[in-house]
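One structure is given below, encoded as structure tokens.
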Amino acid sequence: MTATAERRFRAVAVQPKWSAQDFLSADSFRAWMRGQLEAARPHLHPQHPNLVVLTELNGLPLVLRGGLLAIQTRTFQGTAALLLLRHLSAALPIMARERVSAVRALQLARADRSAALYLSTCRELAREYGVYLACGSLPVPHYRLDGERLLRSGPELYNQAVLLDPDGQLIGTADKVHLTPDEGPGSIDLSPGELNELRVFPTPVGDLGVAISLDAFRADVIERLERQGCTVLLQPDANGSPWTGKEGIYPAGQTPRDQPLAWLESAWQVTATSTTIRYAVNPMVVGNLLDLSFDGQSAITGPAAEAPTLQSYVMTDPRPGFLALAPWVEAGSDLNRLRKVGQHLKAGSRHGRENAYRQDVLHADLTLPPTRLPVPPATAHENALRAYLGGAARLGGVHLGGVHLGGATPR
């Protein structure tokens, strides 16, 4: 792609609140996702292109689909165990044949149908709202095209972001490279992506590079995206711990810091120091998902000259560089109180403020010079997804066929 005019566009970051009930059926998932685009609607620019960015792992809880009784355990681990029993006939052959964990096998057994629901929902939303949509991310295998079918390329399962244009066509995908302990073996058991497979996608809404959550803190990821000419960093996030607690990932031998202070080393630091990446969009999901708690402050960051107003995350000193920032549930300088509030919000606290997180939508108008970047070659996986989204292939027995699915999306 070679643009001939300055690119003016609006970035929108959606901070939703989720719960297990949002993922029990195809209809409830579609309603939750549509609710986010409806919340974004008043923030869309009437003339310029719009980029809407959703949160990390918003497709992970699709594994709960059909698990109304299972979620009564009120723990993610207990629910997964009951779901595994329910789907054992499908998961057991995968465990034996591909030598993967029970948790991985359960997800792989349901991956095709979950991916079909996720992709078809996001395609329809991008088209209906006329936006460039960074869909968030979901656990998904890599696919290959076999005639008119999408087949898994192997037993790997990636935390993958999907980017769509306003016609619902695929721009590209990106796998998370640096996984947290909660994403690794013994937990949800995802596979790390390959650093050398991260690419930058030139679009009317920026030269987009994706650094999912922890990747945005890692120099190797940022440097690779910078070398390819990234101008807009997308950092979809699902921070699975109290926002005002201590950071959970830090170098051995160091004392953990307050998490908001550590968070400054991702999107804000990137746009404050990079000579290439001008803007970053960091939406964060909030809410208690069974016994798991997620919290944070979504932000859009950019050059200090464009964002001179001093502001910052709770528990940190104000600074320039925040084009838009979601407030936390409480402000103030009493750090001990803020830490206590974070504990009150989390799952199982039994406090009056349990799960009283703040939902929000942010936007900022951004400007970039014309792009000179070439469109990167598509991977085999991307070609397979394009075939499905274009109605030329089926996934999990579902053939999209270019028709609005309504209630026909598989459950």
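For Asp167 and Asn196, compute 0.36 nm times the residue count separating them, minus their Cα-Cα distance, and round to one decimal in nm.
Details: separation 29, 0.36 × 29 = 10.44 nm, distance 2.85 nm.
Taking 0.36 nm per residue and subtracting the Cα distance, the gain is 7.6 nm.
Please get the size of the charge dipole for the chain, origin at its Cα centre, with Cβ charges of +1 on Lys and Arg and -1 on Asp and Glu, quoted in debye to the nearest 20.
Values: 40 positive and 39 negative charges, 159 e Å.
For this selection, approximately 760 debye.
Compute the label zone of Glu98 within the range 182-198: residues whose backbone N is under 12 Å from the point 7 Å along Cα-to-Cβ.
190-191
Once you place label points 7 Å from the Cα toward the Cβ at Ala331 and Asp27, how far apart are they in nm?
4.2
Which order do Val210, Val314 fall in if you start with the one that has the fewest other Cβ atoms within 10 Å? Please report the intermediate quantities before stating the final value.
Working: Val210 30, Val314 22.
Least to most surrounded, the residues fall as Val314, Val210.
At 0.36 nm per residue, and after removing the present C-alpha to C-alpha distance, how many nm does the segment from Thr73 to Asp365 gain when stretched out fully?
Values: separation 292, 0.36 × 292 = 105.12 nm, distance 4.46 nm.
So the extension gain works out to 100.7 nm.
What whole-number distance in Å separates the alpha-carbon centres of the range 48-72 and the range 343-372?
Answer, in whole Å: 15.
Could you name the lysines whose alpha carbon sits less than 16 Å from that of Lys17, not counting residues in the same chain fewer than 8 places away?
Lys346
Among 335-348, 368-381, how do they line up from the highest to the lowest mean number of other beta-carbon atoms within 10 Å? Numbers along the way, then the final one.
On the way: 335-348: 17.5, 368-381: 14.3.
Most protected by this proxy first, the peptides run 335-348, 368-381.
Would you calculate, for the chain, the mean residue ellipticity at 222 nm contributed by helices, counting each DSSP H stretch of 4 or more residues as -39,500 (n - 2.57) and dividing by all residues, to the nearest 500?
On the way: 9 runs with 107 residues, N = 411.
Calculated mean residue ellipticity at 222 nm is -8000 deg cm²/dmol.
Quick one: net charge around Tyr357, please, counting Lys, Arg +1 and Asp, Glu -1 for every other residue with C-beta under 15 Å from its C-beta. Numbers along the way, then the final one.
Details: positive: Lys17, Lys346, Arg353, Arg358; negative: Asp22, Asp237, Asp295, Glu330, Glu354, Asp360.
Residues near Tyr357 contribute -2 overall.
To the nearest 20 debye, what charge dipole does the range 222-271 have about its Cα centre, counting +1 at the Cβ of each Lys and Arg and -1 at the Cβ of each Asp and Glu?
On the way: 4 positive and 6 negative charges, 12 e Å.
That gives the range 222-271 a dipole magnitude of about 60 debye.
Have a look at the DSSP beta bridges in the range 7-408 and tell me what percent are antiparallel, nearest 5.
Details: 40 of 57 bridges.
Taking every DSSP beta bridge within the range 7-408, about 70 percent pair in antiparallel fashion.
Can you give the local net charge around Asp258? Use residues other than it whose beta-carbon is closer than 10 angstrom to its beta-carbon, Lys and Arg +1, Asp and Glu -1.
On the way: positive: Lys246, Arg257, Arg339; negative: Glu247.
Computed value for this residue: +2.
Strictly under 4.7 angstrom between C-beta atoms: which cysteines of the chain have no such partner?
Cys230 - these cysteines have no disulfide-compatible partner (Cβ-Cβ under 4.7 Å) in the chain.
Just add up the charged neighbours of Gly130: K/R +1, D/E -1, any other residue whose Cβ is under 11 Å from the Cβ of Gly130.
On the way: positive: Arg41, Arg127; negative: Glu128, Asp165, Asp167.
Net local charge, Gly130 excluded: -1.
Working out 0.36 nm times the residue gap between Asp291 and Thr379, then minus their Cα-Cα distance, what length gain in nm do you get to one decimal?
This chain segment gains 28.0 nm when fully extended.
Please sort 137-149, 80-92, 197-209 by packing, taking for each peptide the average over its residues of neighbouring beta carbons within 10 angstrom, highest first. All intermediate terms of the calculation are to be shown ahead of the outcome.
Values: 137-149: 19.7, 80-92: 16.4, 197-209: 23.7.
Going from most to least packed, we get 197-209, 137-149, 80-92.
No lab work stands behind these numbers, since they all come straight from the coordinates. Since the structure is predicted, the reported quantities are computational estimates derived from the model, not experimental observations. Every residue, glycine as well, gets a Cβ built from its backbone with ideal geometry; the counts of neighbours run over all protein chains shown.
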